[in-house]
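These notes are about the structure you will find just below.
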Amino acid sequence: MQQNGAERDAELIFERFPDFIREFIYRHSWESLRGVQIAAAKTLFESDHHLLLTSSTASGKTEAVFFPILADLWQDPPNSIGALYIAPLKSLINDQFGRMEELLDESGIAVTHWHGDVAASHKRKLLEKPRGILQITPESLESMLMNRSNDIVRLFADLRYIVVDEIHTLTGSDRGNQIICQLTRLSRLIGHEPRRIGLSATVGDAGLAATWLAGSSAIAVDVPVFPEGKNRWRLGMEHFYIQNLKEDQTEKARKQPPAEGQESVTATLDAGYEYMYDCVKDRKSLVFSNSREETEYLTATLRQIAAQRGDQDVFLIHHGNLSAAIREEAETKMKDEDSMVVTCATVTMELGIDIGRLERVMQSESPHSVSSFLQRLGRSGRRGQPPEMMMVFREEDPLPNTPLPQLMPWELLRAIAIVQLYIEERFIEPPNIRRMPMSLLFHQTLSILAASGELSPKMLAERVLSLPPFHAVSREDYRTLIISMVQQEYLEMTEEKGLIVGMKGERLIKSFKFYAVFKDSEDYTVRCGSDEIGTITTPPPVGDRFALAGRVWEVEELDIARKLIYVKSVLGKMEVSWPGDFGEIHTKIQERMRRVLQEDTIYPYLKENAVQRLQNARHVARNTGMLQHSLVHLGGFNWCLFPWLGTRSFRTCRKYLKKYAGELGVSSIEFEGCNYMTFKLDTQDGNEWLSRLADKVRTQGIDCDALMEHGEIPVFEKYDECIPPELLRRAYAIDRLRADEVTARVLEWEREAFT
């Protein structure tokens, strides 16, 4: 019987694998190599190209790239570290370390994981004898490049492969651009370009992602396309109004005996939370929220319901402010096939940690992006089962006098739009490529000077501006930054007119916090006895209580100098708050939300309450005219604008109206997310105002630079406070505003008004 091409490719590739990889495949009862594994092996075995490998969660991407890498390292052992694996989360490195240990058990190839929680003795072995595979975070790699610059060649002289995991979380961010800077600096030091391999389940624009991955290297990037199995989901959405029952009413309902023939019902303060509890009861599950605050409150609520019902407390918690011990406990128990636990988590559990057989994913409210939805959905459905997710939406029951825009279930609409966009178009958000990452520019300037010592201004500019993330930064803008850094004593000019790290710069780089380019807070460590619980931003006074790790703690002692808070555990639940913001929403999601209101489709994944809530929203939307006309009169001089624009374009529109408020007769602008904005106009003729707005935009355009107020200092990233304000304003206009969509939408509003 003649073999087809794919079968022959798989056979030839399998024959090139050493015995220990074949044994691994047999041990896991794989009947054949998957398409993703064949595609990765063909690029790595048969070319010298970089590789961008995009495939659904749990499709075997990690093994797909490491099988051929390990075959090379085993057949021709390198004289240094041979492969570098970079991941954005410590938990992801810990997980991959365990998986690699099993694969390499009999190969003789060493694997070392390296981040802030790894013991120094473990790292020392690698430094003494660099070999095998190094798994590392961007922050630890930055530390190496700065503090071990003279040792880089010995450690990485024969480096052949660099694997960057979960690149969809990195493209366009300072942290991702930091990695691209690091790879360029590393290549320059060792004198050759190791092959780069990017992994992700959710890349929206493969071309942009491939360009980002390649950086300034002249090596082509392969993006193989291969057949994947048909997507099957189990998806549900349900809606609840928040119940504002008093405690005495709840207690009365709880104690009231059931009527004859009825089962006993436990009443709590919120039917939505009870529904979520029932969805995950006796199922190994992940419960996602969009913030640490909601995750904390949700964990405490589910534990409270368990206590009221007399059920076992099986609820764990996982987010970035918890101690490593608490996070690792959740990861370990989730991996245990016999452990029936429920973990409440933020984005920290969204990425590729293998948590084994997971029965269900629960989502509180809507994710912000299609990418996030797919990542979270993909946490379940492993071991041959279809992914399964339940989304639950809770909102206050609108009062009769509730304003029009607040009558819309925005979270439910966004969730439907996200799902429909992927089902209908396979749409995933493209990466946002930043052109003026000024905070990272400040950081890399200090890092490169710390590693190299004194450099002339010209040499420093050549080394820094030649890094790929800074190609759009002009030499004049960089000169402005350098002068400012010297004036602020982050840099110092020597008598020979060279630049070195200044006194304030030295204080920065001596802190381990310098290695991270993401903004951190001055957190206080919380301890209960000898156990570390996690961190909070503001220390409460002694005797006060706060929530962390899904429990409530009472402050017993404060050690402000050492940033320590000593606590004891108490019963109850409380809300908690951390600084931070939410992810950006793409314009296509907002536009699809409008279509959700326009069409009559009853989507099959909506449950009874959600169907009713959607139908009510459609009824209101049609009766108020907000679907035919984006500008809606609320009475008197009050108006509401529904722009149906994503975060950046909505922000641009809002700033434009504020900038020219006097000329356009606009005042009292209020807004919620990017769903709507309300304001007062100097006229009750909305059509006349839209014509006035359109004429101005048509004749003068929208200049994003002009929207920045002279005294405005847009500080967002870690080192923005160290950047000259004029550079921050220019960077904001380029990277956080978008005029083209606003221009098109304004002209569309004018057409709406006269049809």
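Of note:
- Selection of region 529-553 for residues being assigned to a strand (DSSP E or B), open to solvent by 40 Å² or more (accessible area, probe 1.4 Å) and at pLDDT 75 or above yields Asp531, Glu532, Arg551.
- Against the numbered list (1) at pLDDT 95 or above; (2) open to solvent by 10 Å² or more (accessible area, probe 1.4 Å); (3) of a type outside the set (Ser, Thr, Tyr), Leu440 comes up short only at (2).
- Being of a type in the set (D, E, K, R) and open to solvent by less than 10 Å² (accessible area, probe 1.4 Å) is a property that holds for Arg379.
- Whenever a residue of region 309-332 is over 16 Å from Gly116 (Cα atoms) and open to solvent by 30 Å² or more (accessible area, probe 1.4 Å), its partners that are modelled with pLDDT under 85 and outside any helix (DSSP H, G or I), lying with C-beta atoms within less than 8 angstrom and at least six residues away or across chains, give the pairs Arg309/Thr266.
- With respect to the conditions (1) touching a strand residue (DSSP E or B) at 6+ places or on another chain (Cβ under 8 Å); (2) at pLDDT below 90, Arg195 lacks only one, and its number is (2).
- Being more than 11 Å from Val746 (Cβ to Cβ), touching a residue at least 40 places away in the same chain (Cβ under 8 Å), of a type in the set (D, E, K, R) and assigned to a loop (DSSP other than H, G, I, E, B) is true of Glu717.
- For the residues Val392, Val419, the requirement of being at pLDDT 90 or above, within 21 Å of Leu597 (Cα to Cα) and in contact with a strand residue (DSSP E or B) (Cβ under 6 Å, 6 or more places away or on another chain) singles out Val392.
- Condition met for Glu688 (in a helix (DSSP H, G or I), of a type outside the set (Gly, Ala, Ser) and open to solvent by 70 Å² or more (accessible area, probe 1.4 Å)): yes
- When Lys504 is tested against the conditions (1) of a type outside the set (Ser, Thr, Tyr); (2) free of Cβ contacts under 8 Å to residues at least 40 places away in the same chain; (3) open to solvent by less than 50 Å² (accessible area, probe 1.4 Å), the lone failure is (3).
- Condition check for Tyr478: open to solvent by less than 40 Å² (accessible area, probe 1.4 Å), of a type in the set (Phe, Trp, Tyr) and within 30 Å of Leu571 (Cα to Cα): no
- Checking the stated criteria, Ser484 turns out to be in contact with a Cys (Cβ under 9 Å, 6 or more places away or on another chain), farther than 30 Å from Ala209 by Cα and open to solvent by 10 Å² or more (accessible area, probe 1.4 Å).
- Flag for Leu70 being in contact (Cβ under 8 Å) with a residue 40 or more places away in the chain and either hydrophobic (A, V, I, L, M, F, W, C) or over 26 Å from Pro130 (Cα atoms) (or both): yes
- Condition met for Pro400 (open to solvent by 50 Å² or more (accessible area, probe 1.4 Å) and either among the polar types (S, T, N, Q) or at pLDDT below 95 (or both)): yes
- Thr699 fulfils the conditions (1) assigned to a helix (DSSP H, G or I); (2) in contact with a helix residue (DSSP H, G or I) (Cβ under 9 Å, 6 or more places away or on another chain); (3) free of Cβ contacts under 8 Å to residues at least 24 places away in the same chain except for a single criterion, (2).
- Total residues in region 582-604, condition buried (at least 20 other Cβ atoms within 10 Å of the Cβ), charged (D, E, K, R) and not in a helix (DSSP H, G or I): 0
- Residue list for region 676-685, filter: of a type in the set (Asp, Glu) and either surrounded by 18 or more Cβ atoms within 10 Å (Cβ to Cβ) or in contact (Cβ under 8 Å) with a residue 12 or more places away in the chain (or both): Asp682
- The number of residues in region 263-298 that are assigned to a helix (DSSP H, G or I) and either open to solvent by less than 60 Å² (accessible area, probe 1.4 Å) or modelled with pLDDT of 90 or more (or both) comes to 16.
- Residue match in region 411-426 (condition: open to solvent by less than 20 Å² (accessible area, probe 1.4 Å), of a type in the set (Lys, Arg) and in contact (Cβ under 8 Å) with a residue 24 or more places away in the chain): yes
The values are calculated or read from the model by the stated rules, or taken from the named source; none is laboratory data. In this text, all values refer to a predicted model and were calculated from it rather than measured experimentally. When we count neighbours, we look across all protein chains shown, and the Cβ atoms used for this are built from the backbone with ideal geometry, even at glycine. For accessibility, only protein heavy atoms count, side chains too; no ligands or nucleic acids. Shrake-Rupley method; radii C 1.70, N 1.55, O 1.52, S 1.80 Å.
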